[in-house]
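Presented below is the structure to which this report refers.
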């Protein structure tokens, strides 16, 4: 795979507080890429920098947080060099964003079709009628044919699952090549969760969509994504093939994450938990950031910052476990 | 990869264009609105009560040769159409304005609290009656009611304060009633009632204490309203009989001469009223912001 | 949040009944307020020291003259009978006879009310427009401009109307002679007359200023809350521009509370109106109230107080109804 082909390529992304002195960056030296038709899952606890990365890709970092370094290429275009106006033209057109809670993320007093029409016409122009036809087609595609045929509805008139489908249709209004789904199922029932994830993977396949799936749920990631990238305290600790990753994670943190997944092991052992808390942005840690909580910690872990190896051996640990057989 | 590197360099942390301006803004931001308002109000009170000690001139003395004199060394704020010293009159008028407004606010506060607590803590039917009555009262704006009373009843300074206070209480009453209703449902109040604490005891110890901060904030707004109401009333030539005058009355006598442009008769009393109201509003807003835990007013 | 909501059809059916009930209840409470208001004004008249006879004849009238007038006006009747008579008069629109203007109060009030409504409409429109622009700006920018607007708001509603009005007369009428110092001129009958607008300009600005300050403050807070919500971030992520987000998305959601505030504006308009109209000698209801207070024209005074009370109650009712309907359009449509 060459650089030009990746739908999303992030390299050396570092995010930090704009007014900080010598504090730890919130995201440090993060690099990854997603090809067309591929789903990459970001897995990590809250505060590990998952959503912040998504915000950085869209150029919508919250006030007070700034990109210190790094490059972001979407569909071959370097976004960080673009002025705000040009960047705005690409949001929604080249990349779509799906939020965790569709009830709050949909504009509350505007019909959902009207919102799709609006987004389409802002980027592609055209007549209202054409945009409306486009909105109906999209709603049908995400499985809301009844909504597509009937009169326009407000978001609060829909169920949670329907809202999230609308949110996805809205993100796809202009046929973007990249979709970022930030915890898209966390606010939903388990049953609806599965439906939404099935929808996402179907769209990914049918449209050749690159999907960045952000979640804290390792199981969902393993089941639906092609590859998994584990984040810990703002750093990537391991990246790998979803299937093999789940069987044999190499980084101690990834292993701990996997072992903390219910159900309780049949042999009567307790569900594993990771002792301690992830460090906040104020705490400065030398060496590996997971070292204070790592069961396999050794002396050099506290001195040397581990980095990801070259492609193929993607684990940021000085003493990783055995690779998958 | 090389262009990636180039892009990452463009994101070097940018310094503000005007670092000094930012520092000034930061310093100004720390000046609290409530503190500034409080100090401003103290300054106005000092002007009214301590001022006459430092500048002992009779506000009623008529200087027949200095009618409508512009501000000058002898009359720092000029004289009015009868040749009276405007600075001295402004000080005396400040005493009248601030004292009446203060007493009126106190009366309104106490009356409103009492009414609101009775409605809020009493049985449901009483609450309904009292609240509907309050709605009807609130339908007549304060100043209109004041004008109505002032037209019927001949007023002295004391009765004016009482009347202002009696007109002002419905706002506080509604606030106290709503707070009391809300507080009643809180767990610790229920608990106290379960343990056999009397109605009055609960009202005094728990509910009144819970609503006190909000009541204080609204009392400052009430004071601003009273200054405005009193000034408005006296500006209309009602309420206080000449020769004494509040700030509103002084402004009125200036406004009647507006066509011949005695700016000092308008600017100084007008500014005094404005500053007094501004002081109370800033104090109230600042306290409210502090109460809401918001960083800035 | 997770449960699948009721189908829109069902929501509409179940929504209709509580809506009707809510509207009826609101209507009933307004009627009750009106009844209480009429009663209150009755007591204001009859329970005040001196009574109306003194007000008509003057404080120094002889007791015999007062007694005669009282008999003539039915004031020697028992109070319940006077109360019923009062209601009878109110319902028939018979608000008494003005002894100073030598005309029935009801016919007197008409033209003054017209002028007041004209001034209020102009001032309120200007104030709302200004408040929406300032509120949107303030909500979108928390520092710099937002702070400047915040400071202006405190100053704006701390400035007494009568001071602003006097200063405006001083500057624009006395010093610059650009605009008339007061009155309404001859053009009151046509909206297209330049003279009318020249006479309206200063009073309208005076009246609109504190109103805009207060409204924009509430509105600005509302807008700021809206800007913190997810849907604004989502709209940005879809590539919508700031102007579109402000007017098409944020304004839509922030504007509904503003309708209630517009109801609350009515008393402010009347109070500001009395002072503004007095400053500018503008022949409106407030001016008439002021004159009749100074001249102790009792029936006129009562009638205006009653009228203002009724208009306030009706205004609040209208605001509430509009608000409910806006809400319904979104919720049950």
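FYI, it's all coordinate maths here, none of it is from the lab. This structure is a prediction, so every number in the text was calculated from the model and none was measured. In this analysis, Cβ positions are derived from the backbone assuming ideal geometry, glycine residues included, and neighbour counts consider all displayed protein chains.
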key: Fluctuation leader among A:276, A:76, A:234 - chain A, Gaussian network, Cα springs under 10 angstrom   = A:276
ask   = How would you rank C:80, C:87, going from fewest to most other Cβ atoms within 10 Å of each one's own Cβ?
value = C:80, C:87
Gyration tensor (alpha-carbon) shape descriptor, segment A:1-139, a/c threshold 1.5 = prolate
ask   = In segment A:186-230, which residues have a backbone nitrogen under 19 Å from the label point lying 7 Å from residue A:259's Cα in the Cα-to-Cβ direction?
value = A:218-219, A:230
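Using only DSSP helix segments of four residues or longer, with each worth -39500 (n - 2.57), what per-residue ellipticity at 222 nm results for the protein assembly as shown after dividing by its residue count and rounding to 500?
On the way: 36 runs with 555 residues, N = 955.
Rounded to the nearest 500, it is -19000 deg cm²/dmol.
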key: Inter-label distance, nm, simple model (7 Å from Cα along the C-beta direction), residue C:318/residue B:57   = 5.1
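Rounded to two decimals, what ratio of Rg to Rh does the protein assembly as shown give with C-alpha atoms and a Kirkwood Rh?
On the way: Rg = 35.2 Å, Rh = 33.1 Å.
Taking Rh as the inverse mean 1/r over Cα pairs, Rg/Rh reads 1.06.
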query = Which residue, A:66, A:223, A:258, has the most motion in a Gaussian network model of chain A that connects Cα atoms within less than 10 Å?
reply = A:223
remark   = 1/(1 + (r/R0)^6) with r = Cβ-Cβ of residue C:176 and residue C:114, R0 = 30 Å, i.e. FRET efficiency to nearest 0.05, evaluates to 0.50
query = Cα centroid distance between segment C:211-238 and segment C:266-281, in Å?
reply = 31
message = Can you tell me the orientation of helix A:112-124 relative to chain A, as the angle in degrees between its alpha-carbon axis and the longest Cα principal axis, to the nearest 10?
response = 80
Sorted by Cβ neighbour density within 10 Å, fewest at the top, the residues B:290, A:205 = A:205, B:290
message = What distance in nm lies between label points placed 7 Å from Cα along the C-beta direction at residue C:85 and residue C:107?
response = 2.3
query = Given a Förster distance of 51 angstrom, what is the FRET efficiency for residue A:302 paired with residue A:81, based on the Cβ-Cβ distance and rounded to 0.05?
reply = 0.85
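Which of A:288, A:317, C:31 has the fewest other C-beta atoms within 10 Å, and how do the rest follow up to the most? Could you put the intermediate results ahead of the total?
Details: A:288 28, A:317 22, C:31 12.
So the ranking, lowest neighbour count to highest, is C:31, A:317, A:288.
With a Förster radius of 51 Å, plug the Cβ-Cβ distance of residue C:97 and residue A:217 into 1/(1 + (r/R0)^6) and report the FRET value to the nearest 0.05. List each step's numbers first, then the result.
Values: r = 82 Å, r/R0 = 1.61.
In this case the efficiency is close to 0.05.
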query = Measuring from label point to label point, each 7 Å out along Cα→Cβ, what is the residue A:248 to residue C:23 span in nm?
reply = 7.2
ask   = In degrees from 0 to 90, rounded to the nearest 10, what is the angle of the helix A:190-207 Cα long axis to the longest principal axis of chain A?
value = 80
key: Volume of the Cα convex hull of chain A, divided per residue and given in Å³   = 148
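How much of the DSSP beta bridge set in the protein assembly as shown is antiparallel, as a percent to the nearest 5? All intermediate terms of the calculation are to be shown ahead of the outcome.
Working: 25 of 44 bridges.
The antiparallel proportion sits near 55 percent.
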key: Angle in degrees between helix A:128-141 and the longest Cα principal axis of chain A, rounded to the nearest 10   = 50
